[in-house]
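Peer 1: Sharing a structure, written as structure tokens. Questions coming.
What follows draws every value from the coordinates through simple rules; no lab data is involved. What you are looking at is a predicted structure, and each value in this text was computed from that prediction instead of being measured. As a convention, Cβ positions derive from the backbone with ideal geometry for all residues, glycine included, and neighbour counts pool all protein chains shown.
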Number of protein chains: 2
Amino acid sequence: MGIKVERITKKFGKKVILADINLALEPNRIYGLLGRNGAGKSTLLNIMSDRIFPTKGAVLLDDVPVHENDAQLGKLYLMSEVNLYPKRSRVRELFKTTKTMYGNFNEPYAEKLCGAFGLSQKARFGQLSTGYRTIFKLIVALCVPADYVFLDEPILGLDANHRELFYRELMESYGEHPRTFVISTHIIEEVANMIEHVFIVENGKILIDDDVDHMLAQAYLITGPADKVAAYTQGLNVIGTESLGNLKGNYVFGELNNDREIPDTVQISRMDLQKLFIHLTSEEVSHED
Amino acid sequence: MGIKVERITKKFGKKVILADINLALEPNRIYGLLGRNGAGKSTLLNIMSDRIFPTKGAVLLDDVPVHENDAQLGKLYLMSEVNLYPKRSRVRELFKTTKTMYGNFNEPYAEKLCGAFGLSQKARFGQLSTGYRTIFKLIVALCVPADYVFLDEPILGLDANHRELFYRELMESYGEHPRTFVISTHIIEEVANMIEHVFIVENGKILIDDDVDHMLAQAYLITGPADKVAAYTQGLNVIGTESLGNLKGNYVFGELNNDREIPDTVQISRMDLQKLFIHLTSEEVSHED
């Protein structure tokens, strides 16, 4: 059961966007798909939803390829930055269109969400601000009967209140009717408590495929006098470092050495998911395009 | 000394965007300008930079009106979402144009920042992704010789690493060469430690004009059994509430009653700036436009 991404490669001309990606999504889980700008996250989500086609490889849902398979594609929904909706159409009409396409749509919930977010169902899509376009797409994503919902930058242009409202509604909706969500966002701190499992994409490859709890259990910040910190973290997997005068902080990802004594002046604390992500992916590369 | 915004009103047709706004910016401070989507923040920054004109009122810099005054406007810089740059121009050429306009430009620092962010000076503006357009504009904002720099949504499209790099560079640049920054952002959590003073704009009016420390010193979350929390917070300024079964959390902004005994089962904790903002501005209104 679930989605399997098998050996997906995607090239645009000579440029390799995704290189031999393998991953699996189980039913009823919440995943985070993280990566730097240009890492290939959106391309991957578009391939998983059959909106663009891979150069090699396949995406299977319950062991059946999704490619050009309407029955399988009806179980997936991708909310993306791209605005595919006709500008003249009203919100209410677009809900109806979605219902026709997906065979069902949670209209009472859509109505409730429109009220909560302050979105008028009479408004035309083309008249909505960036924030309200996002809100419209989020409402559709929460109300379609898809078993796998992919959210690409779901909070673009949302103010703090609307973000909090969205996170709350997502968790409530998930609680009442479990299904799989994949959330791709740059505001990692705010989703860290919701996601159970994380994929980090780096330069078109999967760098990390792990449960969040398991990852964070091996993410440490070691601080203290520079020499003591250097000695204590020698041979460990130091993924980043910061200095402040004679003080040093080394970010370690992996096991500590339990045989090693911790000097009194050295502190060990935890890293949160956003910090861990930053240090795992901190190599600066030029990728304007 | 400083900027004075005096009785600024702005109407578009019959719609009042800003209503009689008064505020003052001192030299060498970092301000946050916060507000819901559509509250009027961008309009205010545009008026302060004389890019759009108020219906009533004036903006003074060191007691001289900025309107159509090139000498005064040369001391201000607005980085906004709008892309005013010719698409064919290269980054390097745009730096030169800025230098001509402002009479000076910190070229060595711009070069260093291009390296740190991975922005090629040969790239044409029109070829840059959303994230790299933001990066380009941030670099200009940090390198112009303006005494007052207004940053409207400075982290739009930036991944977590680039956001952290920007915050660090902003603080270093400010430390070396103090000047005034006004940061308008929806990602409040990440700037809360940098800003000293905050303006919250709500429906075209200034709702809050206060130092961050002073605000947070009177921002509390009172949690415990619903009846105990209700009794303890009675008569206090409760700005929000959350429930979990029989437990309740009341967000209080203002003085607590020190004469009142705190029941053992009731906990008092602090609210961070983003939470405080959310609860101060939580009235849901429809403002698609």
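Peer 1: Given R₀ = 51 Å, FRET efficiency for residue A:256-residue B:207 by Cβ-Cβ distance, to 0.05?
Peer 2: The formula returns an efficiency of 0.60 here.
Peer 1: Using just the alpha carbons, could you tell me how many Å³ per residue the convex hull of region B:49-135 encloses?
Peer 2: Taking the convex hull of the Cα positions in region B:49-135, it is 116 Å³ per residue.
Peer 1: Then there is this: Among bridges DSSP assigns within the protein assembly as shown, what percent are antiparallel (round to 5)? Mind dumping the intermediate values first?
Peer 2: Numbers: 76 of 110 bridges.
So the antiparallel bridges amount to about 70 percent of the total.
Peer 1: What is the average number of partner chain Cβ atoms found within 10 Å of a Cβ in A:154-163?
Peer 2: Working: counts 0, 2, 3, 5, 2, 13, 14, 12, 5, 4.
Mean number of neighbouring Cβ atoms from other chains: 6.
Peer 1: Can you sort B:166, B:125 by how many other beta carbons sit within 10 Å, fewest first? Intermediate values should be presented prior to the final figure.
Peer 2: Numbers: B:166 24, B:125 21.
Ordered by Cβ neighbours within 10 Å, fewest first: B:125, B:166.
Peer 1: Give, as a single signed number, the net charge of other residues whose beta carbon lies under 15 Å from the beta carbon of residue B:211, with Lys and Arg counted +1 and Asp and Glu -1. Walk me through the intermediate numbers first.
Peer 2: Details: positive: B:29; negative: B:26, B:196, B:209, B:210, B:213.
That works out to -4.
Peer 1: Measure off 7 Å from each Cα along the Cα-to-Cβ vector at residue B:247 and residue A:60, then give the distance between these two points in nanometres to one decimal.
Peer 2: 4.4 nm
Peer 1: Ok, one more. Pick from A:172, A:81, A:190 the residue whose mean-square fluctuation is largest in a GNM of chain A, springs joining Cα atoms under 10 Å.
Peer 2: Checking each option, the largest mean-square fluctuation is seen for A:172.
Peer 1: Would you mind counting up the charge near residue B:108? Only other residues with Cβ under 15 Å from its Cβ, with Lys and Arg at +1 and Asp and Glu at -1.
Peer 2: Residues near residue B:108 contribute -1 overall.
Peer 1: So which of A:275/B:96; B:75/B:96; A:11/B:137; B:11/B:87; B:41/B:87; A:41/A:137 end up more than 29 Å apart by C-alpha?
Peer 2: Result: A:275/B:96; A:11/B:137; B:11/B:87 exceed 29 Å.
Peer 1: Just from its helices, what would the mean residue ellipticity at 222 nm be for the protein assembly as shown, if runs of 4 or more DSSP H residues each count -39500 (n - 2.57) and the sum is divided by every residue, rounded to the nearest 500 deg cm²/dmol?
Peer 2: Taking each H run of at least 4 residues, the total per residue is -9000 deg cm²/dmol.
Peer 1: Taking every DSSP beta bridge that has both residues in chain B, what percent is antiparallel when rounded to the nearest 5?
Peer 2: Counting only bridges with both partners in chain B, antiparallel ones make up about 70 percent.
Peer 1: Testing the spin-label approximation: label points 7 Å from Cα along Cα→Cβ at residue B:24 and residue A:71. State their distance in nm.
Peer 2: In this crude spin-label approximation the distance works out to 7.4 nm.
Peer 1: Another question, if that's okay. Across region B:122-132, in residue order, what do the Karplus-derived ³J(HN,Hα) couplings come to in whole Hz, using 6.51 cos²θ - 1.76 cosθ + 1.60 with θ = phi - 60° and x for Gly and Pro?
Peer 2: Along region B:122-132, the couplings run 7, 5, 8, 3, x, 8, 6, 6, 3, x, 6 Hz.
Peer 1: Per 0.36 nm of contour for each residue apart, how much would the distance between residue B:16 and residue B:227 grow if the chain were fully extended, relative to their Cα-Cα spacing? Mind dumping the intermediate values first?
Peer 2: Working: separation 211, 0.36 × 211 = 75.96 nm, distance 4.24 nm.
Here the segment from residue B:16 to residue B:227 would lengthen by 71.7 nm.
Peer 1: To continue, here is another question. Which value in Å does the Kirkwood hydrodynamic radius of chain A take, with 1/r averaged over all unlike C-alpha pairs and then inverted?
Peer 2: Values: mean 1/r = 0.0479 Å⁻¹.
In chain A this quantity evaluates to 20.9 Å.
Peer 1: In what order do A:7, A:36, A:133 fall by count of nearby beta-carbon atoms within 10 Å, going from fewest to most?
Peer 2: Starting with the residue having the fewest Cβ neighbours, the order is A:7, A:133, A:36.
Peer 1: Taking neighbour Cβ counts within 10 Å as the exposure measure, how do A:77, B:232 sort from fewest upward?
Peer 2: Lowest to highest Cβ neighbour count: B:232, A:77.
Peer 1: Next question. Going by alpha carbons, how many degrees (0 to 90, nearest 10) lie between the helix axis of B:107-117 and the longest principal axis of chain B?
Peer 2: In chain B, helix B:107-117 runs at an angle near 60 degrees to the longest axis.
Peer 1: Quick one: work out the % antiparallel among DSSP beta bridges in region A:113-238, nearest 5.
Peer 2: The antiparallel fraction comes to roughly 55 percent.
Peer 1: Then there is this: In the P(r) worked out for the protein assembly as shown, what percent of Cα pairs fall beyond 36 Å?
Peer 2: Beyond 36 Å sits 43 percent of the P(r) for the protein assembly as shown.
Peer 1: Right, another one. Near residue B:248, which aspartates and glutamates are there with a Cα under 14 Å away, not counting those fewer than 8 places off in the same chain?
Peer 2: B:227
Peer 1: Counting only other residues whose beta carbon sits under 10 Å from that of residue A:34, what net charge do I get with K and R as +1, D and E as -1?
Peer 2: Surrounding charge for residue A:34 is 0.
Peer 1: Additional query: Taking each residue in B:267-276, count the Cβ atoms of any other chain within 10 Å of its Cβ, then average. What number comes out?
Peer 2: Average neighbour count from other chains, rounded to a whole number: 1.
Peer 1: Rounded to the nearest 20 Debye, what is the dipole magnitude of chain A about its Cα centre when Lys and Arg each give +1 and Asp and Glu each give -1 at the C-beta?
Peer 2: For chain A, the charge dipole is close to 1440 debye.
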